[in-house]
Structures are given as C-alpha cells and as structure tokens.
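Taking it in order: structure first as structure tokens, then the write-up.
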Amino acid sequence: MSLLPESASFEELVQDYFLAVRGAGLMLSALDAELLTAWAREGVPFEVVARGISRSAEKALWDARPGEPVLRNLRACRRQVDAEIKKYRSLAAGASAPPEPTSKRRKALSWEETRHTRLIDALEDLAGREPTLAARVTWLRGTVLANVPQEPAVMDAQEALSFLALLRALPFPQRREVWRGALSVGTEQQVMSVRARKVSRRFRLVAAVRRRLGVKEV
C-alpha cells in the first residue's frame, strides 16, 4: 500500500499514506502526531490503520468540494481506525486460540481470511447483479483470489487488483466515466511526490470502481 522503503517506520508509513489519500499537506499537526503515536503503541500492522484511513476517506470522498482535501486531519479517521484495530485484535486472538478438545466449532478466521471471504462474497453478489461481469469474477477467483493471504499487505493487493481487473472488464464508455469520476474528486497538490500522487490516484480510482459497481468496503 505504501511505496516508502522497507526500513520506514510505522509512523512514516501512516503519515505518508494519510497525506497521499488526503491529497494535501506535507506533515501532520501536533495533535495528529500524538494520535499517530498512540496507534503505533497498539502494535498492529500498518495496513490495519491504513484501512481505517481509507474507509474514512472513501466515505468523505464524494462529499468533498472541488479543490478541498478529502479529510481535514488524521483525527477525522479515529473512529474508523480504532474500529479496525479492535476488529484486528479480536480476529487475531480468535485465530490464534487453540480449539478446545471437545469443541466442534471451526477455528476462527484471521483478519486476512475474513476480508478474503467477504471480498469473494461481494464479488459473487456482483456477478449475480451484473451478469456481464460474471466471467471476470470467475477468473478472479481462480487467479488473483485463488490463495487466502496470510499477510495484510497481500490482502490489500488482492483487493485492489480485483477492482482494477473489474474496471478493465467494463465497456470503454463506462471505463472512461469511472476514470473521469476518479480524477474529478479530491485534490492533488503540485508539491506531492510521484510516490504520493500514485497512491492518491490509485485510492480514488479503486473507490470510484467500487462506487460504480455498488460494492461497499469489505
């Protein structure tokens, strides 16, 4: 999800992703930096926090006025990020707990397994609603989504690739409409790095595809 070097710290990764999705700013405020430090202490993967940020940004994306940042500050993401952290911890605890000898219940799914299952369910629902995309959904299940990821970053990549593949399956006029819609929302500062600009545009494009297909965050 981030294009920073592997040696980048958790705080650097989150700040880089937030500013790219926001489309404006060069650094965090003191209050935002304090919140970021608190999230770092939680010890969860960067992708968990980034998912909360993207959820918040996507909800605000279509209400933002032209030229305005999608999010005012990092604190606007707090509710979604805290919810993702709580969900990750709950699922991680359930997945790592050894099953009781007398219990017939299945082992709890991990955070990645849960997202993978929900994504497949959402795509199957999409195939039922839009038969012209059924073949592409079948192809995705046999290729991009064939393996259940064990790392958050791999799950993020699977989800993004799936929606970009669905975009390519749309007729050209619809693809063009989605592209135009993605580029018309939010903002990009001229001072943004090439890396940040790429993250920003990918976020908006995937959000636009999901909006066009009627698929909510999974």
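The values are calculated or read from the model by the stated rules, or taken from the named source; none is laboratory data. Fair warning: this is a prediction, and the values are worked out from it, not measured in the lab. Note: ideal-geometry Cβ built from the backbone for every residue, glycine included; neighbour counts use all protein chains shown.
Below is a table of values for the structure above.
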item	result
Residue satisfying all of: in the stretch 142-172; among the charged types (D, E, K, R) and either surrounded by 16 or more Cβ atoms within 10 Å (Cβ to Cβ) or more than 19 Å from the chain's Cα centre (by Cα) (or both); nearest to residue 88 (Cα to Cα) among these	156
Filtered residues of the stretch 36-61 (kept if out of contact with any helix residue (DSSP H, G or I) (no Cβ under 6 Å at 6 or more places or on another chain) and of a type outside the set (Val, Ile, Thr))	38, 41, 43, 54, 59, 60
Any chance residue 202 is closer than 20 Å to residue 51 by Cα and either part of a loop (DSSP other than H, G, I, E, B) or in contact with a Ser or Thr (Cβ under 9 Å, 6 or more places away or on another chain) (or both)	no
Residue under evaluation residue 140, criteria (1) under 24 Å from residue 80 (Cβ atoms); (2) without any contact (Cβ under 8 Å) to a residue 60 or more places away in the chain; (3) aliphatic (A, V, I, L, M), criterion not met	(1)
Tabulated pairs, the stretch 109-128, first in contact (Cβ under 8 Å) with a residue 40 or more places away in the chain and surrounded by 21 or more Cβ atoms within 10 Å (Cβ to Cβ), second not β-branched (Val, Ile, Thr) and not in a helix (DSSP H, G or I), C-beta under 6 angstrom, 6+ apart or interchain	112/149
Residues satisfying the stated conditions in the stretch 37-47, i.e. assigned to a helix (DSSP H, G or I) and surrounded by fewer than 20 Cβ atoms within 10 Å (Cβ to Cβ)	37, 38, 40, 41
Criterion (more than 23 Å from residue 60 (Cα to Cα) and either part of a loop (DSSP other than H, G, I, E, B) or touching a Lys or Arg at 6+ places or on another chain (Cβ under 6 Å) (or both)) met by exactly one of 137, 154, 148, 178	148
Meets criteria (modelled with pLDDT of 75 or more and exposed (fewer than 12 other Cβ atoms within 10 Å of the Cβ)) for residue 93	yes
Qualifying position, being farther than 24 Å from residue 213 by Cβ and at pLDDT 95 or above, among 81, 137, 144	81
Residue 51 vs. criteria charged (D, E, K, R), modelled with pLDDT of 85 or more and surrounded by fewer than 19 Cβ atoms within 10 Å (Cβ to Cβ)	no
